[in-house]
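Chemist: Before I ask anything, let me first share the structure, which is written out below as structure tokens.
The values are calculated or read from the model by the stated rules, or taken from the named source; none is laboratory data. Every value quoted in this text rests on a predicted model; they were computed, and no experiment measured them. Here the Cβ positions follow ideal geometry from the backbone for every residue, glycine too, while neighbour counts run over all protein chains shown. Keep in mind that these areas ignore ligands, DNA and RNA; they rest on the heavy atoms of the full protein, side chains included. Shrake-Rupley method; radii C 1.70, N 1.55, O 1.52, S 1.80 Å.
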Amino acid sequence: MSVPPLLSPDVRASLPLAARYSVYTLLIAALSVMLPDIVRHQGVAFFYENGTIEWLQFSLLGASVLLFALGALCLPAHRRLAALLGCVAAFAATREMDRVLGRLLPVVSWKIGGLFLVAAGWLLLRHGRVLLPQIAAFLRTPAFVMLWAGFVIAVPLAQLVGHAPFFRLFMDEVHVRDIKRVFEESGEFMGYLILLFGTLESLLQFATVGGQQRVNDE
């Protein structure tokens with residue numbers, strides 16, 4: 001029985017993915033290790049609303065929006081899917097700026113971001129025949145799994161577990177607010193960071209599939 005070579009085509013093809021995932025993991029680990037020093041030097045104010053961490057979160061989401069917009073411009077085969085994902089990311093970015101928008105737009109505040117969801121719904125209705133098969137295929141990719149992981153960490157975990165009533169079950173009230181804030185904002189940041197990684201993976205996935213389609217057409 002023949003033994004396959006150590007660096008078979010499948011193994012070589014997986015090396016770039018393994019390298020990217022290693023970089024993602026190292027970045028997350030490095031930021032996690034830095035957290036105690038951040039609290040020690042910056043204090044809990046670092047995690048306050050409209051503070052440094054919130055603007056970093058907004059920057060991560062904004063970067064995802066810009067990358068999906070770039071993908072919509074440069075990857076015509078998946079233009080509508082990139083635009084759809086960009087609309088969802090734009091809504092999340094708007095929601096993150098609720099306090100700022102509350103001052104600028106007192107009546108509607110962050111709810112103005114609902115326009116991005118309306119745009120996403122219009123894309124589905126207008127281009128459903130193209131989008132639905134692409135979405136079905138995208139759901140089976142590692143890129144979607146990474147996007148979903150970022151969402152789960154940023155929303156159910158950070159928002160629901162990082163809730164004051166939960167912490168009141170096992171600590172004094174005087175510490176609840178600050179601990180809750182650090183847990184919630186740190187979880188959101190890590191979730192949005194993973195969403196950014198998922199955005200990069202999504203665009204690479206779209207580019208790869210689009211390139212394969214062009215080769216097949218030729």
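Chemist: Find the helices (runs of 4 or more DSSP H) located wholly in segment 109-178 whose residues include 3 or more that are at pLDDT 75 or above and closer than 30 Å to ALA18 by Cβ, and list them.
Modeler: Where helices (runs of 4 or more DSSP H) fall fully within segment 109-178 and carry at least 3 residues being at pLDDT 75 or above and closer than 30 Å to ALA18 by Cβ, they are 128-138, 142-152.
Chemist: Filter segment 26-53 for residues that are farther than 18 Å from GLY191 by Cβ and touching a residue at least 24 places away in the same chain (Cβ under 8 Å) and give the result.
Modeler: Hits for segment 26-53 are VAL39, VAL44, TYR48, ASN50.
Chemist: Ok, one more. Counting only residues that are open to solvent by less than 30 Å² (accessible area, probe 1.4 Å), assigned to a helix (DSSP H, G or I) and either touching a Pro at 6+ places or on another chain (Cβ under 6 Å) or in contact (Cβ under 8 Å) with a residue 24 or more places away in the chain (or both), how many does segment 93-103 have?
Modeler: 3
Chemist: Kindly evaluate PHE183 against the criterion of being open to solvent by 80 Å² or more (accessible area, probe 1.4 Å) and either in a helix (DSSP H, G or I) or over 22 Å from ALA45 (Cα atoms) (or both).
Modeler: Against the criterion (open to solvent by 80 Å² or more (accessible area, probe 1.4 Å) and either in a helix (DSSP H, G or I) or over 22 Å from ALA45 (Cα atoms) (or both)), PHE183 qualifies.
Chemist: Here is a further query. Working only within segment 70-82, note down all residues that are in contact with a helix residue (DSSP H, G or I) (Cβ under 6 Å, 6 or more places away or on another chain) and open to solvent by 50 Å² or more (accessible area, probe 1.4 Å).
Modeler: Selection gives ARG79, ARG80.
Chemist: Same structure, new question: Evaluate the following for VAL65: is it open to solvent by 60 Å² or more (accessible area, probe 1.4 Å), within 15 Å of the chain's Cα centre (by Cα) and among the β-branched types (Val, Ile, Thr)?
Modeler: It is false that VAL65 is open to solvent by 60 Å² or more (accessible area, probe 1.4 Å), within 15 Å of the chain's Cα centre (by Cα) and among the β-branched types (Val, Ile, Thr).
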